[in-house]
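Working notes, beginning with the structure itself.
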Amino acid sequence: MPIMAGGLWAAAAEATSRDDHVPPPPPAALSHLILSHPNSPEGKRDRSNRNHFQNCLTLLDECVDTDGTVKNLYNAAADSNSASGSSEKVLEALVEIGRRCRLGDRNEENSDDGGSEKNDKDSNPNNDANKSSNMNTLPYLAVFQRTSSIYTLMSFLSVLDPTKCAAETTTVSKENKNPTRLQILTATAHTLSSILSSNTTNNLTREDEKCAILRAELRDSFVPALGRLVCLMGGVVKTVISVQREQDATAAADALLVPLCCDLLQLGINATRGCEVAKVAFVQSALPSELVNALCNTPNATKRGGVAVLVACLSLKTSDDSSSSTTNNTQLLTEACQLLATLCRYDDFRDPSTTTSGAMGATGVTTSSAHDHAMEFHRAGAASLLIRIARGVLSKLEKKSLVEEERHLNSLVVAKERLSAAVLTALRVLAINDEIIQTMVALGMLPIVTQALQLGVTVTEPKNGVNARKQRLSAASLGLLRNLCGNDEIKTNLCLGSTKDHHSTLSPSSTPSILPHLLQSMRLFPSAALIQEHACGTLAAMALRRPANARAILDAGGPRWVLLAMRRHESNVNVQRQGALAVRNIVSRLLRDLPEEEGGGSGSAAGGGASVEQAASAVGGGGGGDERSSIRDAFLELGAEDVLRNISGRHQGSVDEAYAALRDLGCKVSLVKFNADDLQKKGQQPMMFGGKHNSNFRPVYEESAGLSDGVDDAVSKFGA
C-alpha cells in the first residue's frame, strides 16, 4: 500500500480499517411491520394501504396456475361481466403494485395511473425525483419480497405469445373496452421496472440501503425470466419493423407496439443493471427459430438472442416529421442504446458470498463479461448502426436554433438530445480496443464526436433545463473522446486538428481541434464531476507519448482548469486520479528531451515546442534549465504542489499518480509502501491491554555474577 511521507498517514488508518469487519445494513425483513397506533390517523391509513396492497398481490397470485401459466382472462364472451371484471381488476392491481413500489404512500394525489405515458418525466422509475425518499416504499418492497410475488409477475410476462403480436394488435381497432393482453403486458413491464430499478445516487440513507438490498435480491430472482423477456422483445421488434415497412400500416398498431417495446427495453435496463449474471443471461438468451429468421437475415448474424434483438432495434429509422410515431421511434432507439451500454459495462461490485439468495449467490460470478459483450455487439454490426444514428440525430439538432427550442418547448428536440447522449455512451462502451476504434474512425466517428461536443458547449443563455441537457451531451461526448484517445494518431488529430501537418497516416479530414471545446466544457460545468473526470482523463491520454499535444494543452491553459477541477472535487477520487495523471503526463512529456540541469535533473519528458524537432532546436543553445523551470512554474504557480500533496495524495486511489506528478515537478516527496497484513503480524500497531507481545522483561529472577561489579562502577562514576 503506497503512502506519501509527510502527512498522509490518514490513508494508512483508512487501509487498516478495511480489515475490520464492517457490519452490513440492518436487515429489511421486518420493514413491513406497522408500528403506528391502530387508532391514529396515520395507523389507519397505513393499515388500509397495506391491506389493499396485499389484496392486489393475492389477486394476481390467483391468476397464475401451479405450472406458472396465466389463466385465460378472456375465455368468456366479450360482453361477459366476469371476463371484463377479471381483466380490469388485474390491470388495476398491476398499476397499484407498481405505484406503491415506486412512490409508497407519498404523492398519491400527484401520481398518475402507473405511468402510462412513457415520455413523461415523472413516470420514469430512474428519475431522481422518484428516488428522493425510499422511506415509504420500503414496507411495500419488503412485503413484495416476503411473499415471493416476483415469480407471479414473471409469469405474467407469458400473457402474450411473442410470435402473435401482429394478431393481437387487431383487437385495438375494435371497440373493445376490456384491457387487452398488450395493455396487461405493458402494465406488467411498468410494475417490474418500478420494483427492479436501482438507485444510482451516492449519498444513500439507511432506508435507501435497505431498499437497494431488496431490489438487488429481486433482480437476482428475476434472472430466469430474462429469456422470456428477450423473446418478447424479439416478437415486438419484428412486428414493429414489418408494420413500419408497410405503406398502409395502421397508426393504432404502431402507437401501441412501439411504446410496449420501449417498456420492455426499460425493463431490461432495470433488470440487468448491477447484476452481472443477468447481463450474461440476457445476451446469451435464445430466440425461437421464427424470430431468428426474421431478425437475423444476414449470413454472419449473431446467434445470441439479446444481441440480435438490440441490433434489430438499432436498425429502425427516424424521420423528419414530428409525428408521434417518430417520437416513439426516438424513444425506442434511446432505450436500446442505454440497454446496450448497460450490458457492456461492469457495475456489479457485490461480494458473491454475501448474497442471501438468487442467481448471484448460486453461481458465484466474480468476473466481468463487459469485454465479451462489447465484442459480440461489434461483430454483429452495432458500431455502424450507432454511428448512422448519431450522424442523423446530430445533423437535425444542429439545424434547430436554441431560441426556437425554448420558445416552443419542442419535445422532439429534447428526445433527440437524449438520444444523442445515449448513442454516444453506447459507442464509448464499444470502443475497447484499437481495432474497434480504427473501425469507428473509418466510418466517420471523429467529425461526429467533434460536432457533439460543440453542441454540448454551445449555451447562449444559462437556463436550468437547457444546461442539464447540454451537460449530458457534453459528458457523453467527453467519455467517448477519452476512449478514442487510446490511439496515438487519433488523439493527435483530435488535439491539434487534422489541418495541422503532423504526418498522420490516417485519411485526411476537416476535423478541427477539440481542445478549445474541451476546456470550454470544464469552464461551463465546473460542478459536474463526471465532465471534469472525463476532461482530465482525455487531457492525460492526449499528452501521453505526444509532446506536441502536451505543449498545445499547456499553451491553451489546460493546467489551470485541471487544478481547478481537483480543488472543487476534493472527495472525488476519480477526478483526483485523472487530474494528477494529466499533470504528470504533461510535465514529463515536455521535460523528456530537454537537457538535464547541472547536477542531474529529476524530470524527463518531451520537448517544449509544437513538436519534438522544434523542442530540440529551441533548447540547442543550452537554455534547457530555463525551459525546464518555466514548464514547472506553469503548474507550481497555480498551486499544483498543494493540490497534489494535500488533496490527491490523501486518496488511496490517486496517491501513486500524485507522487509521480510531484516527482516530475521537482518537489521533494517520498513514497513509503507497506502491507497492512505484515504490519499486524510484526506488531507495529497500537497494543491493546492484555495482548500478547515480546518483551525483554524476565519474570524469573536469575543471579548475575557481574551485577555487583556493574553497580560499583556506576557508583564510582556518578557518586562523586
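The values are calculated or read from the model by the stated rules, or taken from the named source; none is laboratory data. Because the structure is a prediction, the values reported are computed rather than measured. Cβ: placed from backbone, ideal geometry, glycine included. Neighbour counts: every protein chain shown. These area figures cover heavy atoms from the full protein model, side chains too; ligands, DNA and RNA do not enter into them. Shrake-Rupley method; radii C 1.70, N 1.55, O 1.52, S 1.80 Å.
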Förster radius 45 Å - calculated FRET efficiency between LYS399 and SER48 (Cβ-Cβ, nearest 0.05): 0.25
Nitroxide proxy distance, nm - points 7 Å out along Cα→Cβ at GLU570 and GLU290: 6.4 nm
GLU637-LYS71 FRET efficiency (beta carbon distance; Förster radius 56 Å; 0.05 resolution): 0.15
Accessible surface of LEU204 - all protein chains present, 1.4 Å probe, nearest 10 Å²: 60 Å²
Of LYS71/LYS238; LYS399/LYS470; LYS317/LYS416, those spanning more than 20 Å from alpha-carbon to alpha-carbon: LYS71/LYS238
Note, ³J(HN,Hα) from phi for segment 229-238, Karplus 6.51, -1.76, 1.60, rounded to Hz, x at Gly and Pro: 5, 5, 5, 4, 4, x, x, 5, 5, 4
Solvent-accessible surface ranking, highest first, for TYR140, TYR346 at 1.4 angstrom: TYR346, TYR140
Summed side-chain charge close to SER368 - residues other than SER368 whose Cβ falls under 11 Å, Lys, Arg +1, Asp, Glu -1: -2
Net +/- balance of residues flanking ILE437 in space, Cβ distance below 14 Å, scoring K and R +1, D and E -1: -1
Accessible heavy-atom area order of ARG628, ARG592, ARG379, highest first, probe of 1.4 Å: ARG379, ARG592, ARG628
Fully extended contour minus Cα-Cα distance, from LEU204 to LYS89, at 0.36 nm per residue: 37.8 nm
Added length on full extension, which subtracts the Cα-Cα distance from 0.36 nm per residue, SER368 to LYS317: 15.1 nm
With every protein chain in place, segment 513-597: carbon and sulfur % of accessible area (1.4 Å): 46 percent
Local electrostatic count at PHE282 - Lys and Arg +1, Asp and Glu -1, tallied over other residues with Cβ under 15 Å: 0
Stretchable slack from SER670 to ILE241, in nm (0.36 nm times residue separation minus alpha-carbon distance): 148.1 nm
